[in-house]
Amino acid sequence: MELREMFSKYSPFGDLTVVSICFVMIVLMMFSYITKSRSFRIFLSLVSILIVAALSDVTFYTLATSGPQYRSAASAVRCLYHFLLFLIFLHFVIYIVEVTRMSRSEKRPYLIIAGILFVAVVLVDVIDTVRGENFILTEEGIRFSGRNVFFFGYIAFVSLIIALLAKVRKRLYKQVMYGFYGSMAISFGVLLTQGLNGQASFTVATFFYPIIAMFYIMHSNPYDVTLGAIDRRGMEDTVAYHFAKRRDFLFISLYLKFFNDEGKTMPEDLQASFRHFTADFFKGAMLFRVGKGHVILMIPADRNPNCESQMTNLHNAFRHEYHRYHYDYKIVIGRAIEEISRKNEYVSFVRSIHRNMDENTIHWVEPEDVKRFNRSDFILKQLEDIYEKCNLDDPRVLAYCQPVYNIRTGKYDTGEALMRLRLDDAGLVFPDQFIPLAEENGYIHVLTEIILHKTCDQIAQLTQKGYEVSRISVNVSMLELEDIHFCDDITRIIDKSGISGDKIALELTESQTDSDFILMKDKISQLRDLGIKFYLDDFGTGYSNMERIMELPFDIIKFDRSLVSASEASERSRTIVVSLAHMFSNLEYSVLYEGVEKDSDEKMCMDMDASYLQGYKYSRPVPIEKMEEYFEK
């Protein structure tokens, strides 16, 4: 079909602007972190093709206006120009199916249609060029005649891309879809306005707008520009890249607990120190911020042959900074480990080491750390399975109990329920190995529900057999109190067991923040109506805000083993502990001493206003079924 002849005026300003912005983008990508994925490689191809297309357009108009002798060269360049623009369209289709992870069967028809369309429009354009049905130079500009293959090809590709985006709309975030549609609408509007005004200066620019959208939406810079750090996603991508290329690297993990709390931000001079460490000690090192107070520095081994000596210098510099700020730290240093790189789990690996480290210490990674991590990883997967199944009778969670001696009655009539896990490939797992994992990953409340259920069932059985059970306490994590269903869950389990609420006590640790205190006070007030008792656990080990303790209606204050040891070691410490215990007793709190291990501990605690005693002197934790050996009928 013949279209009416069209005149086109041209200025190279639009194309040269596109080229300059593309080079700016390339420079930004060179000096910032971009995920080195397949979609990013497609994006780089798009930018490269766009640069060549813009230069081809400039070249075409230059040749076309340089005289009849350059007509053949101009026709060939114009053919190349159209080829490149439709190649960009083809890349758009490939890019969309890549980022949306369409299956082979889903993406195949779109790729086939795009391929056929690309070949068809390029072939027709070449045929028209060979036949000379191309352009004529006039005083008004360049006059195009013949079939407008570009127009039909443009409409066909845009329709295909819109259909493809509609197909994958549920796989993309709504705002991402709006970004792509908006950039395409602007492109079409500019192209239409340009055509109506006989212009041809901004055709390449209309292809550039969707590429800008891709760069901003899909490949934006994840740098924390003040700290000079990249996010956790960036670290995982970097590890995957090094592993695929078989490149060795070293890593230094720094954890500052102080900044892990809400609202705590690193001061500017400390951030400047991090930037200094990253830039000045190692070549090609990259800093990743994987938590509020946790950063990991990755150092390419091939670019830092003297890495060991530089680490010593870095350590000395860091100790100097520590004396300035006095923030408690934990440092882990290691070399790339194939097993951890394959799983891409360095953050979890390092944090598993943190749990067993003292503050202000440095740990060099050893093979045993990997074995412990693999065990923790297995335990974590089991915890995830326990959480998902939420079976209150799950046989993997064992209920143990440690009897508590009642000084007033001279009997064992209370106890503390404790958890153990029995896993097929790990054997018996103790709380210090799985409780932190459960808390970090949000699985702790299900464990509490299970242990409470099993404790209530055992109390019911003991009571039916005629045993005297005043109560058994169950430990509760502060994190659980944030769950709006916490009180309902506790109530439901106790009611279902048929025992009275006063047979259960909940042990809570001291609140660290105002929000924790308010939350704890609210939950205690809701559950006390059931008759449930409340213990303040581990008194003397942490915050110990006496004003807040007095505001909370606890029944028993549990003095930690450390206070027992301190009382034995120092008369001054003993005087303080005695005063505290006497004060609590006068306020009608009962005092329970933990960690009583020998006769001298027992006598000393009895002299210090003890109401209850608990420790290895009386019994280690035993399966809860064996509490019949301690309770009396």
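The values are calculated or read from the model by the stated rules, or taken from the named source; none is laboratory data. Computed from a prediction, not measured in an experiment: that's the story for all the values here. We place every Cβ from the backbone using ideal geometry, glycine too, and count neighbours over all the protein chains shown.
A few comments on the model shown:
- Residue match in the stretch 500-509 (condition: surrounded by fewer than 17 Cβ atoms within 10 Å (Cβ to Cβ) and part of a loop (DSSP other than H, G, I, E, B)): yes
- When every residue of the stretch 373-392 is checked against the conditions, at least one turns out to be more than 26 Å from residue 468 (Cβ to Cβ), among the polar types (S, T, N, Q) and at pLDDT 95 or above.
- Scanning the stretch 498-509 for residues that are out of contact with any Phe, Trp or Tyr (no Cβ under 8 Å at 6 or more places or on another chain) and either of a type outside the set (Ser, Thr, Tyr) or closer than 18 Å to residue 475 by Cβ (or both) yields a total of 7.
- Selected residue (only one of 162, 142, 127 is closer than 21 Å to residue 207 by Cβ, at pLDDT 80 or above and of a type outside the set (S, T, N, Q)): 162
- Some residue of the stretch 499-513 being modelled with pLDDT of 90 or more, within 35 Å of the chain's Cα centre (by Cα), within 30 Å of residue 597 (Cβ to Cβ) and not aliphatic (A, V, I, L, M): yes
- Taking first residues from the stretch 55-74 that are farther than 22 Å from residue 20 by Cα and polar (S, T, N, Q) and partners that are at pLDDT below 85 and surrounded by fewer than 18 Cβ atoms within 10 Å (Cβ to Cβ), the Cβ contacts under 7 Å between residues at least 6 apart in sequence or on separate chains come to 65/137.
- Of the residues making up the stretch 237-289, just one is closer than 20 Å to residue 348 by Cα, surrounded by fewer than 21 Cβ atoms within 10 Å (Cβ to Cβ), at pLDDT below 90 and touching a helix residue (DSSP H, G or I) at 6+ places or on another chain (Cβ under 8 Å), namely 286.
- When 374, 406 are checked against the criterion of being surrounded by fewer than 18 Cβ atoms within 10 Å (Cβ to Cβ) and more than 30 Å from residue 591 (Cα to Cα), a single residue qualifies: 374.
- Checking residue 341 against (1) touching a His at 6+ places or on another chain (Cβ under 8 Å); (2) among the polar types (S, T, N, Q); (3) not assigned by TED's automatic domain parsing to the domain that holds residue 242, the condition it does not meet: (3)
- Residue within the stretch 471-493 that is in a loop (DSSP other than H, G, I, E, B), among the hydrophobic types (A, V, I, L, M, F, W, C), free of Cβ contacts under 8 Å to residues at least 40 places away in the same chain and assigned by TED's automatic domain parsing to the domain that holds residue 591 present: yes
Yes/no matrix, rows are residues, columns are (1) without any contact (Cβ under 8 Å) to a residue 24 or more places away in the chain; (2) closer than 17 Å to residue 475 by Cβ; (3) crowded, with 19+ Cβ neighbours inside 10 Å:
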{"residue": "526", "(1), (2), (3)": "no, no, no"}
{"residue": "531", "(1), (2), (3)": "no, no, no"}
{"residue": "535", "(1), (2), (3)": "no, yes, yes"}
{"residue": "546", "(1), (2), (3)": "yes, no, no"}
{"residue": "550", "(1), (2), (3)": "no, no, no"}
{"residue": "557", "(1), (2), (3)": "no, yes, yes"}
{"residue": "563", "(1), (2), (3)": "no, no, yes"}
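- Condition check for residue 292: under 24 Å from the mean Cα position of the chain (by Cα) and surrounded by 13 or more Cβ atoms within 10 Å (Cβ to Cβ): yes
- Hey, residue 471 among the basic types (Lys, Arg) and touching a Lys or Arg at 6+ places or on another chain (Cβ under 6 Å) or not: yes
- Hits in the stretch 22-33 (condition: buried (at least 16 other Cβ atoms within 10 Å of the Cβ), aliphatic (A, V, I, L, M) and farther than 22 Å from residue 288 by Cα): 25
- For residue 604: the one exception among (1) in contact (Cβ under 8 Å) with a residue 60 or more places away in the chain; (2) assigned to a helix (DSSP H, G or I); (3) among the hydrophobic types (A, V, I, L, M, F, W, C): (1)
- Restricted to the stretch 510-524, and to residues there that are farther than 27 Å from residue 457 by Cα and aliphatic (A, V, I, L, M), the residue that is surrounded by the most Cβ atoms within 10 Å (Cβ to Cβ) is 519.
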